[in-house]
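What follows is a short report on a single structure.
The values are calculated or read from the model by the stated rules, or taken from the named source; none is laboratory data. None of these values were measured; they are calculated from a predicted model. We place every Cβ from the backbone using ideal geometry, glycine too, and count neighbours over all the protein chains shown.
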Amino acid sequence: MARKRLIALVERLTPHERRFLKTYLQRLKPEFLPYLEALLNKKNIDLRPNEWAYLERWLLRLLLWYRMPLHRHPNIYELQSAVYIWRDKQLFHYAAKDLWKLFTKAQEIQEWVKAYEFARELINIAQFLPSSVELPKNIARFLRYERWKQLFLRLSFYLQKLYHHYGFVFNKQQLTYFQQLLKRLKMPPDTPDVYTLVQYYNICGMLYTFIGDYQGALKAYRSNLALLQSKDFYGIRHQVILNSHINCCNACLHLRDWEGFAKHFQVVMDNIFSQGTPSFVWSALYSILLVALCQHRSYPIFQQMVTLAERWVNKLKLSAHLSYKEELLAALAIAYYCLSKHTKALRYCYWMLENQERRKDLLYIMHLLRIIISYEEKDYRLLTHCLRSVYYLILRQKRKGELETLLLWFFKGPFRKQRLETQDWQKALEQLSHLKANYPHYSFILSFFPLIPWLKAQYHGTKMDAYLPTLPSQLKAVFSEFIERAKHFYG
């Protein structure tokens with residue numbers, strides 16, 4: 001191997017470098033001069049492997065002296081210049097070795113920015129290495145981990161982009177892609193760094209959530225929590241743990257696991273009132289709390305929680321995370337509707353509908369809420385306008401799934417009669433029950449707004465509260481404690 005590297009190096013020498021090497025080899029190591037002459041004339045020479053390696057080290061050292069005559073001792077600047085030499089001569093193997101030395105040296109002196117730059121350059125140079133080149137084991141392991149990290153980073157960015165655009169409304173082709181991706185996605189080999197494993201569990205949790213498998217999502221997020229609590233995670237460990245607990249709360253909410261919800265929420269509540277908690281964590285927490293309370297009868301706690309959430313919305317900065325801010329505004333609109341405050345509900349509803357580039361599932365929910373309010377208020381002129389706008393909104397979608405098909409029937413048929421008959425309510429209930437049972441990925445929309453209890457109330461001619469369960473004792477205790485601590489925190 002040293003013989004091949006040495007021959008490749010000699011072939012790329014300039015006339016000045018050849019003259020320099022001959023001069024200094026004659027002074028320092030005259031016994032190596034015949035070997036250099038033979039290599040320059042492309043003649044065969046017979047040397048043992050250790051002699052080839054020794055000759056290679058001497059030629060490399062002399063080349064560095066030729067480029068930097070004042071720096072005779074290896075330091076970080078000399079190695080950095082050597083990297084440029086090897087890269088210019090397209091000897092990427094030498095460049096990778098020297099970059100690895102620079103990376104380890106920067107880590108020793110705790111220059112993390114430099115270490116990051118050297119790692120990125122090492123990854124870029126490794127792309128030009130032919131498959132026949134064997135790197136040292138430590139460099140090969142580092143590059144393998146970095147490739148996994150880059151893969152998970154790009155995949156996470158792609159899934160978040162899909163989530164910000166579609167929410168939880170995906171067609172069959174996208175769901176099939178998510179399921180195939182889950183089957184192919186495997187744990188990285190060996191034991192990579194903590195950051196890569198955290199990305200892996202987060203991606204698994206997102207994919208399970210997209211396909212409606214909240215049991216798998218809860219398992220992935222809890223594995224992430226166990227990993228974060230067992231190892232040190234530099235920089236944003238506190239924020240990542242809080243985010244994982246909130247994701248666990250969301251999964252427990254859809255699974256109706258109130259004991260698990262209270263357990264994770266208690267951990268969040270014990271940490272969220274400390275200084276430095278990001279705004280998107282607060283927004284995500286308030287949206288989950290409001291959705292949980294919309295599904296139960298709990299008027300005093302509900303009213304106090306809505307007041308706190310509205311105070312937080314008024315304090316939100318423009319830099320708040322967009323998706324969580326949208327979800328919180330939609331949750332506030334539904335919460336005010338459940339409290340029979342239709343004016344405030346419509347105000348938040350119109351805030352959401354001002355921008356048609358928001359999440360698709362939240363837009364559907366807001367259109368549905370506006371139609372329901374106009375139907376209950378018997379404002380048939382507004383109802384006709386709302387039906388027409390949402391009807392054309394769904395028709396403009398290139399790919400319509402089962403939810404869009406049901407909404408088209410729902411808006412085109414029954415609501416246009418201005419007074420729904422008993423068989424219309426019954427058919428709508430049957431179709432929604434079928435949708436909830438056979439398409440679990442729509443469970444977010446069906447739980448974000450209590451549509452099925454509302455249809456039952458309309459079918460029987462009663463209020464929606466009669467079909468909502470009472471708030472479990474575990475949730476009542478932690479919610480009351482959160483309200484008291486939030487009041488004290490806000491002053």
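At a glance:
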| quantity | calculated |
| --- | --- |
| Condition broken by THR277, with the remaining ones in (1) modelled with pLDDT of 85 or more; (2) within 20 Å of ARG485 (Cα to Cα) satisfied | (1) |
| Residue count, segment 275-303 (criterion: surrounded by 18 or more Cβ atoms within 10 Å (Cβ to Cβ) and assigned to a helix (DSSP H, G or I)) | 17 |
| Single condition PHE152 does not satisfy, out of (1) at pLDDT below 75; (2) crowded, with 17+ Cβ neighbours inside 10 Å; (3) aromatic (Phe, Trp, Tyr) | (1) |
| Of all residues making up segment 239-282, the number that are under 20 Å from MET206 (Cα atoms) and polar (S, T, N, Q) | 5 |
| Residues located in segment 170-208, provided they are touching a residue at least 60 places away in the same chain (Cβ under 8 Å) and buried (at least 16 other Cβ atoms within 10 Å of the Cβ) | PHE170, ASN171, LEU175 |
| Complete set of residues in segment 264-274 that are within 15 Å of ILE483 (Cβ to Cβ) and buried (at least 17 other Cβ atoms within 10 Å of the Cβ) | PHE265, VAL268, MET269, ILE272 |
| Selected residue [farther than 30 Å from ARG141 by Cα, at pLDDT below 75 and out of contact with any Asp or Glu (no Cβ under 7 Å at 6 or more places or on another chain)] from LEU9, LEU36, LEU55 | LEU36 |
| Qualifying residue in segment 320-337 (condition: of a type in the set (Gly, Ala, Ser), part of a helix (DSSP H, G or I), at pLDDT below 80 and at negative phi) | yes |
| Some residue of segment 61-74 being closer than 22 Å to GLU117 by Cα and either part of a helix (DSSP H, G or I) or modelled with pLDDT under 70 (or both) | yes |
